[in-house]
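> Below are the structure tokens for one structure; questions will follow.
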Amino acid sequence: MTEPGKLRHQRMIGDRALRPESLMMSYGYDPSLSEGAVKCPLFLTSTFVFESAEDGKAFFELAYGLRERAPAEEPGLIYSRINNPDLEILEDRLTLWDGAESGLVFSSGMAAISTTLLTFLRPGDVVVHSEPVYGGTDFLLNRILPQFGIRHVGFPAADREAARRRIREAGSSARIGLVYVETPANPTNAMVDIEACAEAARALSGQEGGRPLVAVDNTFLGPLWQQPLRHGADLVLYSLTKYVGGHSDVIAGACLGAEQHVSPVRGMRTILGTMCDPHTGWLLMRSLETVKLRMTSQMKNARYVAEFLRDHPLIRSVHYLGFLPEHGPQREIYEGQCVAPGSTFSFEIDGGEEEAFRFLNRLELVKLAVSLGGTESLAEHPGTMTHSDIEPAERERMGITPGLVRLSVGIEAPQDLIADLEQALEVV
């Protein structure tokens with residue numbers, strides 16, 4: 001991991017390293033290369049012209065890993081399935097919040113996850129993962145990877161000892177190709193101890209091919225409120241659709257980490273063709289300029305909304321990170337890994353599916369839709385929507401009950417959001 005302030009092209013003013021929110025406006029972009037345009041242009045081209053055949057040869061050698069990069073040598077532009085100026089600048093900027101050395105962008109969050117897993121998993125391997133995870137990831141682990149001879153072993157997200165034990169036990173009988181963590185868990189907000197998982201993975205350094213890497217899906221808290229690479233993770237994954245995109249108008253994903261870990265994922269992305277398109281990359285650069293403003297506003301709004309729900313007689317429980325018990329392992333993990341509770345959480349309505357549906361159908365300002373992290377507030381029913389492919393008994397075990405509703409708080413006036421939730425709860 002690259003420490004903050006020691007990135008490859010860190011900008012300085014005097015002896016001061018500029019903060020990510022300042023660098024989001026210009027990092028990685030040279031206006032002199034684009035007619036002086038203050039913002040990076042949109043490079044809608046499939047292919048790029050080589051100045052010479054020798055350049056073309058050298059570019060392909062680097063792109064396909066046929067030789068090591070020479071000192072100060074930068075990969076040349078070839079073809080937008082391999083590289084594109086918009087994507088390269090976006091990838092540079094994405095590394096800033098997490099303190100990553102290298103980054104890749106993908107056509108969706110699931111493209112980032114599936115490409116990364118396919119990079120490190122082989123037939124006969126086992127992937128050890130936290131539970132619950134996003135429904136699409138759960139489907140990949142349970143339905144797709146077993147078709148390729150890859151087993152999965154889950155552990156309860158909130159149980160750090162179970163995580164250590166499952167990693168140790170799985171490693172004693174098979175090669176662990178990857179330890180996959182989603183924290184906070186979707187939709188329960190259960191916290192996973194990243195350092196505990198990393199320590200357990202490092203203890204398997206003697207297995208064939210070396211120790212398993214630890215990959216963390218950080219979508220729920222985004223790059224501002226949690227930085228997994230600082231706590232022992234090797235790779236951090238995002239659905240950029242969510243907080244980074246932040247306007248519910250793009251689909252994209254990312255994988256960040258040390259270059260030695262990101263490089264093989266880059267090769268897999270090139271062959272699978274799962275990269276982001278230039279226009280989406282350009283839109284994401286726009287969104288990165290305001291990500292701190294938006295996420296801060298959403299986080300503050302969520303506190304007001306969560307407090308209202310906690311005090312409402314029809315709400316059984318609110319799974320909001322700001323309400324964790326003062327003493328206990330979950331609070332300890334949260335305070336060690338996070339700097340804020342974020343703005344997506346779930347709550348359980350008294351009753352079950354029928355009562356939850358009445359509530360959801362009555363909402364006016366809050367939109368009934370999946371996804372999260374947009375400027376607008378969204379609510380959905382995990383049990384029948386995002387996590388509907390999970391067996392009912394498994395959902396119950398994971399805490400995904402029939403009365404559970406997931407809420408992503410946007411940037412609306414919190415008083416208006418509370419008024420909408422209050423009137424919707426009246427019909428329950």
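The values are calculated or read from the model by the stated rules, or taken from the named source; none is laboratory data. Since we're looking at a predicted model, the values are computed, not measured. Note that each Cβ is placed from the backbone with ideal geometry, even for glycine, and that neighbours are counted across all protein chains shown.
> What about GLU364, is it touching a residue at least 40 places away in the same chain (Cβ under 8 Å) and among the acidic types (Asp, Glu)?
Numbers: touching a residue at least 40 places away in the same chain (Cβ under 8 Å): yes; among the acidic types (Asp, Glu): yes.
It is true that GLU364 is touching a residue at least 40 places away in the same chain (Cβ under 8 Å) and among the acidic types (Asp, Glu).
Table: residues versus (1) aromatic (Phe, Trp, Tyr); (2) in a loop (DSSP other than H, G, I, E, B); (3) surrounded by fewer than 19 Cβ atoms within 10 Å (Cβ to Cβ).
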{"site": "PRO146", "(1), (2), (3)": "no, no, yes"}
{"site": "ALA163", "(1), (2), (3)": "no, no, no"}
{"site": "ARG166", "(1), (2), (3)": "no, no, no"}
{"site": "ASN186", "(1), (2), (3)": "no, yes, no"}
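> While we're looking at this one, here's another question. Looking at region 353-377 only, could you name the residues that are of a type in the set (D, E, K, R), within 28 Å of SER287 (Cβ to Cβ) and touching a strand residue (DSSP E or B) at 6+ places or on another chain (Cβ under 7 Å)?
The initial filter retains those residues of region 353-377 that are of a type in the set (D, E, K, R), namely 353-355, 358, 362, 364, 367, 376.
Then drop every residue that is not within 28 Å of SER287 (Cβ to Cβ), which leaves 364, 367, 376.
Selection gives LYS367, GLU376.
> Continuing with this model, one more query. Scan the helices (runs of 4 or more DSSP H) fully inside region 16-133 and keep the ones with 3 or more residues being touching a helix residue (DSSP H, G or I) at 6+ places or on another chain (Cβ under 8 Å), of a type outside the set (Ser, Thr, Tyr) and at pLDDT 95 or above. Give the steps one after another, and end with the answer.
Working: elements: 20-23, 53-63, 85-98, 109-120.
Where helices (runs of 4 or more DSSP H) fall fully within region 16-133 and carry at least 3 residues being touching a helix residue (DSSP H, G or I) at 6+ places or on another chain (Cβ under 8 Å), of a type outside the set (Ser, Thr, Tyr) and at pLDDT 95 or above, they are 85-98, 109-120.
> So which residues in region 203-224 are touching a residue at least 24 places away in the same chain (Cβ under 8 Å), surrounded by fewer than 24 Cβ atoms within 10 Å (Cβ to Cβ) and not acidic (Asp, Glu), if there are any at all?
Quick first cut of region 203-224, residues touching a residue at least 24 places away in the same chain (Cβ under 8 Å) only: 203-204, 207-209, 212-224.
Checking which are surrounded by fewer than 24 Cβ atoms within 10 Å (Cβ to Cβ) leaves us with 203-204, 207-209, 213, 224.
Passing the criteria: ALA203, LEU204, GLN207, GLY209, LEU213, LEU224.
> Of all residues being farther than 16 Å from GLY109 by Cα and among the β-branched types (Val, Ile, Thr) in region 263-300, which is surrounded by the most Cβ atoms within 10 Å (Cβ to Cβ)? Just the residue, please.
Among them, the one singled out is VAL291.
> Still on this structure: Does ALA190 count as part of a loop (DSSP other than H, G, I, E, B) and either touching a helix residue (DSSP H, G or I) at 6+ places or on another chain (Cβ under 6 Å) or modelled with pLDDT of 95 or more (or both)? If you could, list the steps in order and put the result at the bottom.
On the way: part of a loop (DSSP other than H, G, I, E, B): yes; either touching a helix residue (DSSP H, G or I) at 6+ places or on another chain (Cβ under 6 Å) or modelled with pLDDT of 95 or more (or both): yes.
Taking the combined requirement at face value, the residue satisfies it.
> Could you please tell me which pairs satisfy a Cβ distance under 7 Å, a separation of 6+ or placement on different chains, a first residue in region 334-353 that is farther than 15 Å from PRO187 by Cβ, and a second residue that is among the β-branched types (Val, Ile, Thr) and at pLDDT below 95?
Short answer, once both residue conditions are applied: GLY351/VAL428.
> Out of all the residues in region 166-181, is one or more closer than 24 Å to TYR243 by Cα and not assigned by TED's automatic domain parsing to the domain that holds MET385? Explain how you work it out, then say what you get.
Looking only at region 166-181, we keep the residues that are closer than 24 Å to TYR243 by Cα, and these are 180-181.
In the following step, the residues that additionally are not assigned by TED's automatic domain parsing to the domain that holds MET385 were identified as 180-181.
Within region 166-181, one or more residues are closer than 24 Å to TYR243 by Cα and not assigned by TED's automatic domain parsing to the domain that holds MET385.
> Moving on. Of the conditions (1) closer than 24 Å to THR290 by Cβ; (2) crowded, with 23+ Cβ neighbours inside 10 Å; (3) not charged (D, E, K, R), ILE251 clears all except one; give me its number.
Looking at each condition in turn, ILE251 falls short on (2).
> Also: So which of GLU376, GLU348, GLU355, GLU326 is farther than 29 Å from LEU140 by Cβ and at pLDDT 95 or above? Working first, answer last.
Values: GLU376 fails: farther than 29 Å from LEU140 by Cβ; GLU348 fails: farther than 29 Å from LEU140 by Cβ; GLU326 fails: at pLDDT 95 or above.
Within the list GLU376, GLU348, GLU355, GLU326, the selection yields GLU355.
> Specify which of the listed residues (GLY373, GLY342, GLY351) is over 22 Å from the mean Cα position of the chain (by Cα), part of a loop (DSSP other than H, G, I, E, B) and among the small types (Gly, Ala, Ser).
Details: GLY373 fails: over 22 Å from the mean Cα position of the chain (by Cα); GLY342 fails: over 22 Å from the mean Cα position of the chain (by Cα).
Just one listed residue meets the conditions, GLY351.
> Here's another thing I want to ask about it. Do we find that GLY253 is farther than 15 Å from TYR180 by Cβ and assigned by TED's automatic domain parsing to the domain that holds THR137 in this structure?
On the way: farther than 15 Å from TYR180 by Cβ: no; assigned by TED's automatic domain parsing to the domain that holds THR137: yes.
Here the answer is no, as GLY253 does not meet what is asked.
> Of the residues THR270, THR296, which single one is polar (S, T, N, Q), assigned to a helix (DSSP H, G or I), in the same structural domain as ASP420 (by TED's automatic domain parsing) and within 22 Å of the chain's Cα centre (by Cα)? Steps first, answer last, please.
Numbers: THR270 fails: in the same structural domain as ASP420 (by TED's automatic domain parsing).
That would be THR296, the only listed residue that is polar (S, T, N, Q), assigned to a helix (DSSP H, G or I), in the same structural domain as ASP420 (by TED's automatic domain parsing) and within 22 Å of the chain's Cα centre (by Cα).
> Please specify each residue of region 219-260 satisfying the condition of being in a loop (DSSP other than H, G, I, E, B) and either β-branched (Val, Ile, Thr) or closer than 16 Å to THR95 by Cβ (or both). Don't jump to the end; show me each part of the working.
Step one: filter region 219-260 for residues in a loop (DSSP other than H, G, I, E, B), giving 219-221, 227, 232-234, 240-252, 258.
Within region 219-260, THR219, GLN227, ALA233, ASP234, LEU240, THR241, VAL244, VAL250, ILE251, ALA252, ALA258 qualify.
> Checking GLY124 against (1) more than 16 Å from the chain's Cα centre (by Cα); (2) of a type outside the set (Lys, Arg); (3) on the phi < 0 side of the Ramachandran plot, only one condition comes out false. Which one?
Exception for GLY124: condition (3).
> Just the residues that are surrounded by 17 or more Cβ atoms within 10 Å (Cβ to Cβ) and more than 13 Å from ALA185 (Cβ to Cβ), please, taken from region 324-333.
Within region 324-333, the first condition is being surrounded by 17 or more Cβ atoms within 10 Å (Cβ to Cβ), and the residues that meet it are 324, 330, 333.
Within region 324-333, just LEU324 meets the criteria.
> Search region 324-366 for residues being touching a Phe, Trp or Tyr at 6+ places or on another chain (Cβ under 9 Å) and of a type in the set (Phe, Trp, Tyr), and hand back the single one that is nearest to ALA158 (Cα to Cα).
Among those that are touching a Phe, Trp or Tyr at 6+ places or on another chain (Cβ under 9 Å) and of a type in the set (Phe, Trp, Tyr), it is PHE345.
> Consider only pairs whose beta carbons are under 7 Å apart and that are at least six residues apart or on different chains; among these, list those whose first residue lies in region 92-117 and is crowded, with 23+ Cβ neighbours inside 10 Å and whose second residue is assigned to a helix (DSSP H, G or I) and acidic (Asp, Glu).
Short answer, once both residue conditions are applied: GLY103/GLU91; LEU104/GLU91; VAL105/GLU91.
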